[in-house]
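Take a look at the structure below.
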Amino acid sequence: MQQRLTMITLGVSDLDAARAFYIAGLGWTPLLDAGEAVFLQVGPGVVLSLYGRSDLAREAGTADGRVPPPPMSLAHNVDSEEEVRAVVDQMRAAGGRVVAEPARAPWGGYTAYVADPDGFRWEIAYNPGLVVAADGTVRFGAVADPE
């Protein structure tokens, strides 16, 4: 049986700030706002869950409830350099902290990094070699169809 990623859960220290950042900053609509957790549809079959950090730590087996954010980043790929700048501005206005301003990347794209209220890093990128097909398949090194 093939395994697939269906949910990413971020343990956040301030659920209200995280809720505002992800809803206002990225424009995602909650599928469910259960008070102590928020679930956002972020792609076909993929949900981002925001959950209190200490609650998540206890649920995941850390008795003291303290878990530092792991070294990771999440990526939001867009269709143009202008859209990179617009999303960064939107995330900044929603409480995000820009940690790397939009700039050309050595790999040929255009990218920026924004930290959410808990410090989770988001790469906002225009990558002309990344194409998402109608069926959701991601292709690297591809050229987008002009249609």
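Bear in mind these aren't lab numbers, they're just calculated from the coordinates by the rules spelled out. Keep in mind that what you see is a predicted model, and the values were worked out from it rather than measured. Cβ: placed from backbone, ideal geometry, glycine included. Neighbour counts: every protein chain shown.
For the Cα atoms of the chain, what angle does the longest principal axis make with the long axis of helix 81-93, in degrees from 0 to 90, nearest 10?
For helix 81-93, the angle is close to 20 degrees.
Treat each spin label as a single point 7 Å out from the Cα along the C-beta direction, and report the Ser54 to Ala24 distance in nm.
In this crude spin-label approximation the distance works out to 2.6 nm.
Expressed in nm to one decimal, what extension gain is obtained for the pair Ala100 and Ala133 from 0.36 nm per residue of sequence separation less their Cα-Cα distance?
So the extension gain works out to 9.0 nm.
So which residue, out of Val12, Val88, Val78, gets the largest mean-square fluctuation from a GNM of the chain using Cα contacts under 10 Å as springs?
Val78
Pull up all non-local amide H partners of Thr9: gap of 5 or more, or a different chain, and H-to-H distance under 5 Å with H placed in the peptide plane.
Answer set, sorted by chain and number: Ser49.
If the viscosity is 1.002 mPa s and the temperature 20 °C, what Stokes-Einstein diffusion coefficient in µm²/s follows for the chain when Rh is the Kirkwood radius over Cα pairs? Don't jump to the answer; show the numbers that get you there.
Working: Rh = 16.5 Å.
Estimated via Stokes-Einstein, D reaches 130 µm²/s.
Roughly how many debye, to the nearest 20, is the charge dipole of the chain about its Cα centre, given +1 on each Lys and Arg Cβ, -1 on each Asp and Glu Cβ, and no other charges? Let's see the in-between values first.
On the way: 11 positive and 19 negative charges, 77 e Å.
Value, rounded to 20: 380 debye.
Assign unit charges at the C-beta atoms only (+1 for Lys and Arg, -1 for Asp and Glu), then state the dipole size of region 71-147 relative to its Cα centre in Debye, rounded to the nearest 20. If you can, show how the numbers build up before the last one.
Numbers: 6 positive and 12 negative charges, 68 e Å.
Here region 71-147 has a charge dipole of around 320 debye.
At 222 nm, what value in deg cm²/dmol follows for the chain if DSSP H runs of at least 4 each add -39500 (n - 2.57) and the sum is divided by all its residues, to the nearest 500? Walk me through the numbers before you get to the answer.
Details: 3 runs with 26 residues, N = 147.
The per-residue figure over the chain is -5000 deg cm²/dmol.
Per residue, what volume in Å³ does the Cα convex hull of region 71-147 take up? Walk me through the numbers on the way to the answer.
Working: hull volume 8.7 nm³, N = 77.
For region 71-147, the hull spanned by Cα atoms encloses 113 Å³ per residue.
Can you work out the Karplus-derived ³J(HN,Hα) for every residue in region 14-22? Use 6.51 cos²θ - 1.76 cosθ + 1.60 with θ = phi - 60°, whole Hz, and x for glycine or proline.
9, 4, 5, 5, 5, 4, 4, 4, 6
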